[in-house]
Amino acid sequence: MARLLAALFALGFFAVFLATQAAAGDARTRIGYGLLITNDVFGDTHDRWRTGSFASSLVLGAPSHAEALPERLGALLEIRFNGEVIAPENLANPAPADRPYAQALSLGLHSHFQRSGVEYALGADLVFTGPMVGLDHLQERLHDITGGRDASPAVKAAQIGNDVKPSGVFEMGRSFTVGPNARLRPFFEARAGVETLARVGADLTIGGLGQGGLMVRAPVSGHRFVAVGGAPRPGLSMVLGADIARVGDSAYFRSAGPARLEETRTRARAGLSWQTRRGASLFYGLTWLDKEFTTQREAQVIGSAQLRLRF
């Protein structure tokens with residue numbers, strides 16, 4: 001049922017998007033790009049569970065959309081390309097009740113807009129899973145550099161199989177000024193497809209990070225990263241955030257396997273961003289992920305990094 005709803009959501013979103021293009025009057029151009037790399041090597045240094053991912057976003061819109069979100073769905077578009085590797089705790093000889101190895105790549109189209117001060121993000125992705133993705137080979141190359149251990153043939157043989165899963169994502173949030181240079185943004189997020197869940201949370205930003213631009217949320221860590229940079233705001237910024245989700249389904253687990261989904265999923269995160277007068281910036285953040293399945297031994301900490309340069 002969840003997969004059918006996700007497919008209908010994806011088809012519906014693209015139908016609405018195509019309908020809006022008939023009324024589109026603004027010429028789109030590239031106004032931004034963002035990339036966030038996440039790995040547990042940057043966090044608790046263990047190669048396990050939500051071990052590595054990347055989130056990348058190419059943003060297309062009118063030049064004016066680099067300063068303020070449009071009010072029309074489809075006017076500002078984000079082309080989203082994400083990847084992830086999920087692993088059991090022991091890649092050579094995992095415990096029988098650990099989660100299976102999984103790899104996924106996704107390509108999606110999303111639109112950002114605002115109405116009456118509320119920001120919305122709505123979009124659809126196609127998520128490709130299984131050995132056809134080939135991210136295990138990239139993981140092995142990274143392990144050659146970092147000295148990590150590769151997944152054994154038995155682990156790969158038992159991984160989540162090849163599939164293509166349409167998925168939909170919706171987020172809404174609103175920012176409130178809570179201090180001289182601080183903003184609190186409560187949000188609600190819903191996902192259906194490869195993972196089906198509903199999430200509520202909030203992000204607190206102290207400093208100029210993200211002001212006058214567009215930030216998008218990485219699905220694994222929950223960190224919001226800059227995809228469209230506004231006017232340079234030199235100095236240091238701090239971000240804090242937390243959220244909790246009610247989880248209905250996940251394609252990264254087998255329905256008959258010993259590892260069972262936890263019904264709730266909690267995250268807490270913190271990060272620092274430093275920006276120069278010319279607009280170059282560096283971000284590093286940590287995310288605490290609570291247990292995602294009933295037989296998971298403990299929570300984990302992953303790290304995220306983004307480097308933006310201007311020439």
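Rule-based calculations on the coordinates, nothing more; no lab input. Predicted, not measured: the structure shown is a model, and the values here were computed from it. Don't worry about glycine lacking a Cβ; one is built from the backbone with ideal geometry, like all the others, and counts go over all protein chains shown.
Please find, in a Gaussian network model of the chain (springs between Cα atoms separated by less than 10 Å), the residue of S56, S273, S255 whose mean-square fluctuation is greatest.
With Cα springs under 10 Å in the chain, the top fluctuation among S56, S273, S255 is at S255.
Rounding to the nearest 20 debye, state how big the charge dipole of the chain is about its Cα centre with +1 on each Lys and Arg Cβ and -1 on each Asp and Glu Cβ.
With only Lys, Arg, Asp and Glu charged at Cβ, the dipole is about 720 debye.
Among V178, V133, V169, determine the one that fluctuates most according to a GNM of the chain built with springs between C-alpha atoms less than 10 Å apart.
V178
Cβ under 11 Å from E298's Cβ, E298 left aside: what net charge do those residues give with Lys, Arg +1 and Asp, Glu -1?
Within the 11 Å Cβ shell, the charges total 0.
Hey, what number do you get for the chain at 222 nm if only DSSP H runs of n ≥ 4 count, each worth -39500 (n - 2.57), divided across all residues, to the nearest 500?
That calculation yields -3500 deg cm²/dmol at 222 nm.
Which one of P166, P153, P131 has the biggest mean-square fluctuation once the chain is modelled by GNM with Cα springs under 10 Å?
Of the options given, P153 has the highest mean-square fluctuation.
Take the alpha carbon atoms of region 21-90, find their center, do the same for region 159-188, and report the distance between the two centers in whole angstrom.
Region 21-90 and region 159-188 have Cα centres separated by 11 Å.
Once the Cα gyration tensor of the chain is found, what semi-axes does its equivalent ellipsoid get, as square roots of 5 times the eigenvalues, in whole Å, sorted largest first?
Calculated on Cα positions only, the semi-axes equal 32, 23, 18 Å.
Report the one residue of V164, A268, Y284 whose Cα lies farthest in the direction of the positive end of the charge dipole of the chain (charges on C-beta: Lys and Arg +1, Asp and Glu -1; origin at the Cα centre).
Positive-end residue among those listed: Y284.
Counting only other residues whose beta carbon sits under 10 Å from that of F176, what net charge do I get with K and R as +1, D and E as -1?
+3
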